[in-house]
1. Can you find even one residue in region 433-452 that is assigned to a strand (DSSP E or B), more than 28 Å from the chain's Cα centre (by Cα) and either β-branched (V, I, T) or under 18 Å from S488 (Cα atoms) (or both)?
2. Among the numbered criteria (1) in contact (Cβ under 8 Å) with a residue 40 or more places away in the chain; (2) outside the structural domain of Y322 (by TED's automatic domain parsing); (3) surrounded by 18 or more Cβ atoms within 10 Å (Cβ to Cβ); (4) within 25 Å of I47 (Cα to Cα), which one does K145 miss?
3. Can you pull out the residues in region 435-484 that are among the basic types (K, R) and either modelled with pLDDT of 80 or more or surrounded by fewer than 17 Cβ atoms within 10 Å (Cβ to Cβ) (or both)?
4. Looking at region 195-249, what strands (runs of 3 or more DSSP E) fall wholly within it and have at least 1 residues that are surrounded by fewer than 17 Cβ atoms within 10 Å (Cβ to Cβ) and not hydrophobic (A, V, I, L, M, F, W, C)?
5. Which pairs have Cβ atoms under 6 Å, sit 6 or more apart or on different chains, and link a residue in region 414-434 that is within 13 Å of V467 (Cα to Cα) to one that is assigned to a strand (DSSP E or B) and polar (S, T, N, Q)?
6. Name the residues in region 99-130 that are in contact (Cβ under 8 Å) with a residue 60 or more places away in the chain and among the polar types (S, T, N, Q), would you?
7. Could you tell me which of the residues F197, F127, F218 is in the same structural domain as S110 (by TED's automatic domain parsing) and among the hydrophobic types (A, V, I, L, M, F, W, C)?
Amino acid sequence: MDNEVSFSRMYSMKYKIVIFVCILCRFLFIEAALYASEPIANPTNLIFANVKSYRLTIAFAAPNPLPDGGYLVIRKTAAAINDVPTDGKVYSTGDSVGTCKVVYSGFATSAAINNIIASTTYYFAIFSYNGMGQLTDYKQLNPLKGNITSSASMQGVNEYSGVSTANASFVQDVHNKINPHISIPYNSYDETNVALFSSRDTTAGQKVITCAYSGEQFLYTAPLQWGTYSREHTYCHSWMPTNPANNPELPEYNDQHHLFPTNQINANQVRSNFPLGVVVNPSYTYMGCKFGTDALGNLVFEPRDQHKGDAARALFYMAVCYNGISGNNWSFPIIQDQEVLKQWHWLDPPDGWEIARNDFLDSLQGNRNPFVDSVNWVCYIDFSTMTKVNNPQPCFDYVSVKGEKQSYPGTSVYPNPTNGSFKVNVFSSSAQQCRIEVVDVCGKVIDEKQCFLSNGSNVIEVNLYPVNKGIYLLRILKEGQIETKKISVE
């Protein structure tokens, strides 16, 4: 009996071992078959071409042997890439890989990269992969890496040749540089502006655009269907002396320099044809925009801070671009305060996104917004009469929407004159963000940096290399104000 029990126990143990081995083998087989084989190598020889302020192209050499899946390209700004894709995960354009975004996935060895802004450094990493779906296996070690800085403003050297604020014909001279131009149909805004510039790829194959007025991020599946969003006329259609300008469609109606994507119900419809201004008593708010009365009791619409300068420059552009055509006067309607717009112009100067947009629209329409290129020119135009202002008050006195001039104790620049490297001592009454810009005599921002100020005195180092000899203006933007200093580079 004991032998029978012992034999039974031994048989049971062997049976369990056999079952365990079978399960283990099955598990190991599944694990082995979970992914395709890893590619032998990643691509080489990364080349950047057609580098613009709003777009660039990447190309690279395929490895040998070729991967049977393709290549994954990820991108980030501000720092080199250390993230790697996860085996068994399929990525699409717009997906995240750690702190990076996927900008391309496929078998081609070149790709056009959109959603680029001016003067920004982009870092790329490219991985080979084999397999598809859950079998996808990435070559995670030693990806092909590189970085490129997008173009600064692509304004031509002779773009505004012959235009001078000293000329009595200054306003007309600027007009002649930007009109006539190519007219892009209003209904082509999605295929041009949205598809090629203002939209961004995001997860699940969707895209996103930003409401210019409110800052809302709107998700959609391309192509964008207008309805929830609209193409806002910053210079209101009803203000145009040619109204109705949409039947037949005139260039001023479809001019993309003043068309921006906006939420139709919550922003565009609320703005309607009211002037832009500073809302003191809001009756309606939506995210970053508001509607209500200003300090004088006038009904005005106020866009988010990040769009105020953009909107102002769009209005300046439209007035100059179309003034005088067929004898029409495009001066601002009496309800639109140009002083508020000029203040916004300085408080929210052109940034990398707006500069890139200006270059992109130049590639479409063949003309530019001169007030993005030459910020000082707004000082020399009275937009209520469309006439030249002789010997204007310095534009840099426009330092707050309240009309108050600057008061910055303790600010100094040294050494001055400088060889291009200098320090700025900035006083701050509180901890806050600050932007420092260096502007040339044409009003073009040639250098800028963001910094954080602590309460009290702050020393900030600025290096302008390379830089031509001459006189420059240093702008310090903080506390809703702007202070300027003259710099001499020798």
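1. Checked region 433-452: no residue is assigned to a strand (DSSP E or B), more than 28 Å from the chain's Cα centre (by Cα) and either β-branched (V, I, T) or under 18 Å from S488 (Cα atoms) (or both).
2. Result: K145 fails condition (3) only.
3. R435, K449, K469, R475
4. 217-220
5. S421/N463
6. The answer is T109, N114, N115, S119, T120, S128, N130.
7. F127
The rows are residues; the columns are (1) part of a helix (DSSP H, G or I); (2) closer than 23 Å to P349 by Cβ; (3) modelled with pLDDT of 95 or more.
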site	(1), (2), (3)
P261	no, yes, yes
Y284	no, no, yes
L296	no, no, no
C321	yes, yes, yes
S326	yes, no, yes
N329	no, no, yes
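The values are calculated or read from the model by the stated rules, or taken from the named source; none is laboratory data. Just so you know, these numbers come straight off a predicted model, no measurement behind them. Please note: Cβ atoms are built from the backbone with ideal geometry, for glycine as well, and neighbour counts cover all protein chains shown.
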